[in-house]
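Some notes on the structure that comes next.
The values are calculated or read from the model by the stated rules, or taken from the named source; none is laboratory data. Computed from a prediction, not measured in an experiment: that's the story for all the values here. Glycine also receives a Cβ, built like all others from the backbone with ideal geometry; neighbour counts cover every protein chain displayed. Side chains included, ligands, DNA and RNA excluded: accessible areas come from the protein's heavy atoms. Shrake-Rupley method; radii C 1.70, N 1.55, O 1.52, S 1.80 Å.
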Amino acid sequence: QMVSTAVKLCLEVQDQLAVARGDTSLGATVAQGSGQKGVAEVKDDGTPVTAADFAIQGYMARAIQEAFPNDRFLGEEDATDLREDPALLATAKGMAAKLANDPTLSDDDFLNAVDRGVEASKGKGERVWILDPIDGTKGLITGQQYIVGLAMCVDGEAVVASMGNPGVDPAVMLAVRGHGLRYCASTDPSTLIDQPREDRNRWHGMNYDMTKLAPMNGLGCAVGWGALSDSPTVGVDYPPYLVSRPMDHGSPLPFGPSCAPSEVCCGAQVKYFACARGDVAGFIQFQPELKSWDHAPGVLCVEESGGSVCDGDGNPIRFNGRSFNVAKGIVCCAKEAEAKVRHRLVSCVAESEDIKESQRIAKLGGEGKARVDTREAMKQQAMSYAMKLDQKEDIGEYFEGRSSNMKQDSSLGDGDAKFASLKAEGEARIDKRMKAKA
């Protein structure tokens, strides 16, 4: 119900910003950072932030604290911008008071509620509510898609989640771990319904011919459909999929250079929403360090819809702080994605790091590659030797005699640190063996 209420507020804000859907000419534009004073502002990093961001966070933080006083709350925002702008504070607090039906809401109570988003961890076993008040604020301002996302996690695992997307109907989905995914009825948010999975992009059940996409070229990209003369059709020759990546560099494409990803704006959670509904076969994110509020609600919604979410090594996603790390990136697959399609998406993300390494070595030239190969070979040799040693003094002599070779130029990586770590590990093995003999 909180997410449904927040979605209604967002639609009202869109009207206040006078932004026609799909046309930014009638209202504020993100590029110019313009907007009605007290309604839209721009963060230092250029991300648009509306008063609705703060209003939703303050409203939900207070509601959760009242219902679950022992739980922790983690939100994207803090109240710094509100304290610096009285007009923005007045507008945001007014919205929050309306959401909570509390006209007596004071400035201090509202500011403290917003600041709950940065409160410290309470330790192992805590329940944490993770909120992104508006993921894809650009979408709100420009009349495209965006998400109000809320999840509750226990020891880093999302167990309850809801996402609201004003751009679709029904707009709000709710997931409970082990109990599936349902939707809130548009006419009555307190009523949950089972929404039939629609094949909106006509790809469900398609038996895609992966022979046209294979073999992989060693860099995470299928080489079929790669010629300029190829004109594959999304949904027919390859499934619709989404990509989230830094815009300053490219990334491998799982079905070949000519098989472009579909486009949906804005933010990561609209992509999870699309996967959970079955609109696309998958969503891949080529980043190893991410923000919890951008992913926690979406991960659970996809999993409870029958899909899967993992990192590039196949590990589950856990949210143990404001930021979290994954191996190479995230792979999200819809329920209807065939095993061979899932494999292609996972392989693409898993090999994305190899592309970066290959590019780095290429910049170093032939000599740099040879030195990297030598370093890797020596690491393997040293590990093998350390496991076979029986005398503690031997390991010191072995490593000291090779230290100058192990230490590489800083441009090739942390050679000194790796050497020290390897030596320490070897010595620890010998210490353990000597104690056992004694």
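When TYR146, TYR59 are compared by accessible area at a 1.4 angstrom probe, the order from most to least is TYR59, TYR146.
Our coupling estimate for region 113-122, obtained by passing each phi through the Karplus curve with A = 6.51, B = -1.76, C = 1.60 and θ = phi - 60°, is 5, 4, 5, 4, x, 10, 5, 6, 5, 9 Hz, Gly and Pro reported as x.
Note on ARG197: accessible area approximately 80 square angstrom, rounded to 10, probe 1.4 Å, nucleic acids and ligands left out.
Spin-label model, ASP78/ARG322: points 7 Å from Cα along the beta carbon direction are separated by 0.6 nm. Each Lys and Arg Cβ is given +1 and each Asp and Glu Cβ -1; about its Cα centre, region 49-160 then shows a dipole of about 240 debye. A straight chain from GLU126 to THR187 at 0.36 nm per residue would run longer than the Cα-Cα distance by 18.5 nm.
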